[in-house]
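Written out below as structure tokens is the structure these notes cover.
Each value in this text was obtained by applying a stated rule to the coordinates, not by laboratory testing. Keep in mind that what you see is a predicted model, and the values were worked out from it rather than measured. FYI the Cβ positions are ideal-geometry reconstructions off the backbone, even for glycines, and counts take in every protein chain you see.
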Amino acid sequence: MLLLAIETIDLNGSESMYAISNKLNLQHLFPSKVSIWKLRANNPMRKSQNSKNINYEQFEGLIKITSEMSKYLYPYIRAIISSKDNYTNNPELWNDFQSRYIELIEERFNTESIIVQNLMNYDYSHEFYKKILLTLSLASTVEGYNRLKFVLANL
Amino acid sequence: MLQNKYSFNQSSTELVISGLPDYSNDDKNDNISIVSNWKLSVINQPEIEGSIDHLKSVIKAFYKCAALSLLDRDEKIESELIDLNLDDSGNYRITLKSTKPNIKPLKLKIGYAEFSDIINCFDQLKNFKKIKIDFNELLPNIKKKSIFSLHNNRFSYIIVPPVLALITLSIFTFMGIYFFENKDSRSKNISMISNNSNIMIKMN
């Protein structure tokens, strides 16, 4: 869900993730864009789910990519959160984010699942979208990688 | 002796720390080990400042609140110097309590954006080598969803279904035995009656 939110903000998200993984010297884990996509397909809510288990090194690699992408996108993430905080005066950014996020969920996830249907329901899930953005913003700091790892390990 | 002063910025927030090196700890001239003053400024909010104890309790509360928010756990953070909680409208409500008498607590309300800016400043401070604050005591000590409770759950998942099955099976078995015993005794009774009736007939 975090990577999907990154892709919602960065229209060229999959390319950027691959570029960032190369910058972080993670070529041995993610030799191509497809390898990142395959790992992302481990999410059981996806339409084309990959049942192959993800190992610890790959898990850490994805956290590094998420944290690094958050740093790169922080101004946009902050602007969207700020738009939600001041929704009455400045709703445009939040509305754009939410509609594109829902579009991507609908495109990539199994919409027959009740969890996915709930995720696509704005009234039910707008707090969840906000939490996803808060997670990304707190993952963008110098301590972001450790924080995200701690959170994902304790969910 | 000149005071050292460092500032950390992120979007709407600025954290300024002033202090002196502790030469007994082999500090260099540009280090800060003794924090004499600090100031946290957030746009459209009153400035926060105080002693090192205040700073430590503020950092501790913010780090704990960040971890709890990310873990989606609802816990109130309250201490002698600061209360920090997420309200129903999705804003953080901060109450800063002064150690001086007759000073009312300062109440602030900040959104997620300002909250993440403040955390960002504290993270910068944590990773800044020239200011020596022991962050180990400030990091959140949140109990993991304990392995024990997970085992308890797993234990119940493993044990409860077969126990239920066994109980159900026992109930049906006892019901079956009772039913067949009754049926047997009833048929025996009937044969006794028919034997008796034969005897009666013969006697007649």
Exercise for the section: Under 11 Å from the Cβ of B:Ser33, count the other residues' Cβ atoms, weight Lys and Arg +1, Asp and Glu -1, and hand me the total. Expected result: -1
Practice task
Just need the relative contact order of chain A here, percent rounded to a whole number, with Cα pairs under 8 Å and 6+ apart.
Solution key: 28 percent
Exercise for the section: For segment B:4-142, just list the percent of Cα-Cα distances falling in each 5 Å bin from zero outward, please. Expected result: 2, 9, 19, 23, 20, 14, 7, 4, 1, 0
Handout entry: Distance between modelled label sites at B:Lys5 and B:Ile52, nm, 7 Å Cα→Cβ extension
Key = 2.0 nm
Handout entry: Pairwise centroid distance, computed over Cα atoms, of segment A:81-154 with segment B:53-76, Å
Key = 21 Å
Handout entry: Cβ-based charge dipole, segment A:2-154, positive-most Cα from A:Leu104, A:Pro91, A:Thr66
Key = A:Thr66
Practice task
Write down, largest first, the equivalent ellipsoid semi-axes of the protein assembly as shown in whole Å, where each equals the square root of 5 times an eigenvalue of the alpha-carbon gyration tensor.
Solution key: 61, 29, 21
Practice task
Would you look at the GNM of chain A, springs on alpha carbons closer than 10 Å, and say which of A:Tyr145, A:Tyr74, A:Tyr122 moves the most?
Solution key: A:Tyr122
Handout entry: Flagged links, alpha-carbon separation over 21 Å, of B:Lys64/B:Lys126; B:Lys56/B:Lys76; A:Lys130/B:Lys39
Key = A:Lys130/B:Lys39
Practice task
Per residue of B:107-117, count partner chain C-beta atoms within 10 Å of its C-beta, then hand back the mean as an integer.
Solution key: 5
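Using only C-alpha positions, report the orientation-averaged shadow area of the convex hull of segment A:2-154, nm², one decimal. Mind showing how you got there, number by number?
Working: hull surface 36.0 nm².
Value for segment A:2-154: 9.0 nm².
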